[in-house]
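What follows is calculated from the coordinates using simple rules that are stated; it is not laboratory data. What you see is a predicted model; the values in this text were computed from it and never measured. Here the Cβ positions follow ideal geometry from the backbone for every residue, glycine too, while neighbour counts run over all protein chains shown.
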Amino acid sequence: MNAICITCGTQFAGAPKPPEHCPICEDERQFVGLEGQQWTTLEDLAGKHKTNMQEEEASLTSFSIEPHFGIGQRALLLQTPEGNILWDCISLLDRPTSDHIRSLGGISAIAISHPHYYTAMVDWSSAFNDAPIYLHRDDSQWVMRPSGAIRSWTGDTNRLPGGCTLIRCGGHFPGATVLHWPSGAEGKGALLSGDTIQVVPDRRFVSFMWSYPNFVPLSAGDVERIVRAIDPFFFDRIYGAFPKLTVATNGKRVIRDSASRYIRRLRAAAGA
Ligand SMILES: [Zn+2]
Ligand SMILES: [Zn+2]
């Protein structure tokens, strides 16, 4: 069986029985569920949940699990003339979802922002001709289901089809990445930001954390590094990790203003 942790949604390598622990949840950036460590499987999940599929804008479709499962993030399928990219991933891949993705042209590449969204990436890749999975090498210790489809990349940027670029920002994880999509937002450019740059309920701002569920902030230097990493790229819109959390316009200014506010609060806390 390939056990799936019910708290973080990570799928593990095949074994006769589920592992004793989930290292992703035992890490300070997640948590073990209040009822203790529990497991499920893709088959079980498919019996109790379905996928909500939403067209976000032309050539961009989101997928999230209903009712809520695991962390609750959305995956985004981005269509480009050179092939489709799946950004981030979810634990469920059922028949209606794979049929819909096939009708949109399938998946040529998978890229994931950080380990919390690795989830069932290997099943998603296998369902689409072993699509390559781009993960930053600095986070490779968190891969719980190894696969020959994984392409570990290093450095600060990596090109993908359709003029897209993976940008390593760090912060939440050393390899935490965002994806730049130049033709998004009607040609003004979009950033798909995962948890690296978190779109918050007040969509005039974003935020940055080392541990989101346990409220552990980043340093001013980490936040400045994130802003520097995305600075050379043009974009207007930001698609965050969670359903409906999108900064519709002025995304670049929103990130700069949010970083300034964050650093001001840190300096005030330090009495500087
Ligand atoms: Zn877990
Ligand atoms: Zn995360």
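Note on the chain: dipole from Cβ charges, positive end direction compared against 136, 185, 172; the farthest Cα belongs to 185.
In the chain, a dipole from Cβ-located charges (positive for Lys and Arg, negative for Asp and Glu) runs towards its positive end, and of 230, 10, 122 it is 230 whose Cα lies farthest in that direction.
Where both residues lie in segment 165-257, what percent of DSSP beta bridges are antiparallel, nearest 5? Percentage antiparallel, nearest 5: 75.
Shown for the chain is the translational diffusion coefficient from the Stokes-Einstein equation, using the Kirkwood radius over Cα pairs, a temperature of 4 °C and a viscosity of 1.567 mPa s: 69 µm²/s. Among beta bridges from DSSP that stay inside the chain, the antiparallel ones total about 70%. Amide H contacts under 5 Å for residue 157: 168, restricted to partners 5 or more places along the chain or on a different chain, H placed in the peptide plane at 1.01 Å from N. Think of the chain as a dipole: +1 on every Lys or Arg Cβ, -1 on every Asp or Glu Cβ, centred on the Cα centre; then among 239, 263, 111, 263 lies furthest on the positive end.
Using the alpha-carbon positions of segment 93-163, Rg (one decimal) and Dmax (whole number) come out as 12.5, 37 Å.
Here's the list of aspartates and glutamates a cross-link from residue 252 could span, going by alpha-carbon distance under 17 Å and ignoring same-chain residues fewer than 8 apart: 186, 195, 202, 224, 231, 236. How big is the gap, in Å, between the Cα center of segment 1-56 and the Cα center of segment 178-244? Computed from Cα coordinates, the inter-centre distance equals 26 Å.
If we count every other residue with Cβ under 15 angstrom of residue 137's Cβ, Lys/Arg +1 and Asp/Glu -1, where does the sum land?
Its environment carries a net charge of -1.
If only the Cβ of Lys and Arg carry +1 and only the Cβ of Asp and Glu carry -1, the dipole of the chain around its Cα centre is close to 820 debye. In a reduced charge model with +1 at each Lys and Arg Cβ and -1 at each Asp and Glu Cβ, segment 1-104 shows a dipole moment near 240 debye about its Cα centre. Within the chain, the longest run free of GluC sites (Glu not before Pro) that sit in a DSSP loop with at most 14 other Cβ atoms within 10 Å is 83-272.
The helix-only estimate of mean residue ellipticity at 222 nm for the chain, built from DSSP H runs of length n ≥ 4 each weighted as -39500 (n - 2.57), is -6000 deg cm²/dmol after division by the residue total.
Taking trypsin sites (Lys or Arg not before Pro) across segment 161-242, the ones in a DSSP loop with at most 13 further Cβ atoms lying within 10 angstrom of their Cβ are 204.
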